[in-house]
Amino acid sequence: MGINSNAFQKCINPDCGAEFDYVRAFFKCPECGELLDAQYNWDKIEIPHRLSEFAKRWANRTNPLDFSGVWRFRELLNFCDDKYKVTIGEGQTILQQNDAVAEYAGVKPGCLYLQYEGLNPSGSFKDNGMAAAFSHAKMVGATSSACASTGNTSASVALYAHHCGLKCTVFIGSGRIAFGKLSQGIEYGAQTIQILGDFDDCMRQVQDVCTKLGLYLLNSLNPFRLEGQKTIMYRIIEGLGWEVPDWIVVPGGNLGNSSAFGKAFYELKQLGLIERIPRMAIINATGADTLTELVNNKKLIWNDGRVNQKIIDDYYTALTARNFSPHTCASAIEISRPVNLKKCLRAIDICSGVVRAVTDEEILDAKAIIGKFGLGCEPASAATIAGLKNLITEGIIGSNQRIACVLTGHPLKDPNVTVDYHKEKQGKFSNPPIEAPNDIDEIIKLIK
Ligand SMILES: [Zn+2]
């Protein structure tokens, strides 16, 4: 084993269960091709007796690891020594209670909380994962990194890669990336390769390129990235005074977040740090609703790790047969072959999860409400409020339950969608600019 035997990697397939040293970089099980987990020898790790003990790290914020919203919970993702840990101040996020957005969604005052992951350094939740994954990359001595991206990953990878001196190449689908995100990747110096295809095509290419050239892969196939994303849940619990909410609502794209959140709660329960696990709602866009179809219509379940692969294969074969390419205004979740599907099924099992899909119209209206009454978000994030509204109407989520919605990205990630919605009067809450002649009297008449 390596220099620190607190952690190891383990295949999620129970019929394989192969274990590997944590100082190796894989993005799938070398034995069977399934996803890998980071796992811990918890008995060797000194864990606080109560989650609230993490609060004392705030008094020591001049230490960058105590300032980081990821590494201040480092005992819960204890796979690398401090000397390898990378941080650029990620995870300084806000959990905002918001009654106006609650009213829109049909939730009682005081019950809805918005977790603003757009406040991270690159403007999305990805920075949580990259802090952890780049620490692993440094530990294994990687010099070059790569990712496929709908946009947020490329921005975050580019930022972290250059911070820790790694080369970085990002693969994006042609014409399928929001402008704010593209601008970040190229500004941060990533070599950006635009493939004629969609995200799923990029994802396939990047895996082969990484294998052939020995690049370190930063997509959420990387088990250490998901370890960083667990901390979003720790911060929600922290924001609630170290209490667990009743529901977590999260957008569903490549399903890394939902997978990480399920693992986070499972571990906290196992460690006796929480008494109950919240439920989770995962929200797809209707134009990219693989998870909704597979779970709700094809009845795909985790089944203790023995997932019915034929259901998945048949579904993907049918997508290919009709040349299906996902389409939604929420580009961050415009994914039809989510790589973390099986881990997400496990999270649904752990959290008694539900899955729903919402239309682009519902997403855009919810986004306008979050913008008007909150701090704003990118379209995919607004799927949470749109989905919540429907789940309240259905009676699945109670209007007086305590709900935390994860807003994954900053509103400036995708300015075109915002401007089109308002300027072109596309929705119920459009707020178009008013044209005025260059005349004071005429201008005054227009001001309400
Ligand atoms: Zn395996």
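So the values come out like this:
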| quantity | calculated |
| --- | --- |
| Peptides ranked, highest mean first, by Cβ atoms within 10 Å: ranges 138-145, 252-259, 69-76 | 252-259, 69-76, 138-145 |
| Region 135-246 - Rg (one decimal) and Dmax (whole number), Cα, Å | 15.4, 48 |
| Average silhouette area of region 195-338, convex hull of alpha-carbon atoms, in square nanometres | 10.6 nm² |
| Contact order normalised by residue count of region 269-402, Cα under 8 Å, 6+ apart, percent | 31 percent |
| Order by protection proxy (mean Cβ within 10 Å, highest first), peptides 110-119, 264-273 | 110-119, 264-273 |
| Stretch gain in nm, segment residue 183-residue 163, where the contour uses 0.36 nm per residue and the Cα spacing is subtracted | 5.4 nm |
| Relative contact order for region 183-291, counting Cα pairs under 8 Å that sit 6 or more residues apart, in percent | 22 percent |
| Rg and Dmax of the chain, Cα atoms only, in Å | 21.3, 78 |
| Gaussian network model of the chain, Cα within-10 Å springs - most flexible of 13, 438, 416 | 438 |
| Residue 42-residue 270 pseudo-label distance in nm [points 7 Å out on the Cα-to-Cβ vector] | 0.6 nm |
| Residue-averaged 222 nm ellipticity for the chain, from DSSP H runs of 4+ at -39500 (n - 2.57), nearest 500 | -11000 deg cm²/dmol |
| Region 1-74: equivalent-ellipsoid semi-axes (sqrt of 5 x gyration tensor eigenvalues, Cα, Å) | 31, 13, 11 |
| Rg/Rh (Cα only; Kirkwood hydrodynamic radius) as it applies to region 268-346 | 1.05 |
| Residue 436 versus residue 15: modelled label distance in nm, points set 7 Å from Cα along the beta carbon direction | 7.0 nm |
| Distance in nm between pseudo-label sites at residue 361 and residue 393 (7 Å out along the Cβ direction from Cα) | 1.1 nm |
| Normalised convex hull volume, region 290-428, alpha-carbon set, Å³ per residue | 129 Å³ |
| Out-of-range pairs (alpha-carbon distance over 22 Å; input 56/126; 343/367; 230/269) | 56/126; 343/367 |
| Percentage, to the nearest whole number, of Cα pairs in region 40-191 over 19 Å apart | 61 percent |
| Region 388-448 - Rg (one decimal) and Dmax (whole number), Cα, Å | 18.8, 54 |
| Among 83, 28, 428: highest mean-square fluctuation, GNM of the chain, C-alpha pairs under 10 Å | 83 |
| Stokes-Einstein D in µm²/s, Kirkwood radius over Cα pairs - region 73-125 at 10 °C with 1.306 mPa s viscosity | 117 µm²/s |
| Computed over the chain: relative contact order in percent, which uses C-alpha pairs under 8 Å that are six or more apart | 17 percent |
| Those Cys residues of the chain for which no other cysteine Cβ falls under 4.7 Å | 80, 111, 147, 164, 168, 202, 210, 329, 344, 351, 377, 405 |
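Taken together, the values in this text are just the output of simple stated rules run on the coordinates, not laboratory data. Bear in mind that the values here come from a model prediction, so they are computed numbers and not experimental data. No Cβ is skipped: glycine too gets one built from the backbone with ideal geometry, and neighbour counts run over all protein chains shown.
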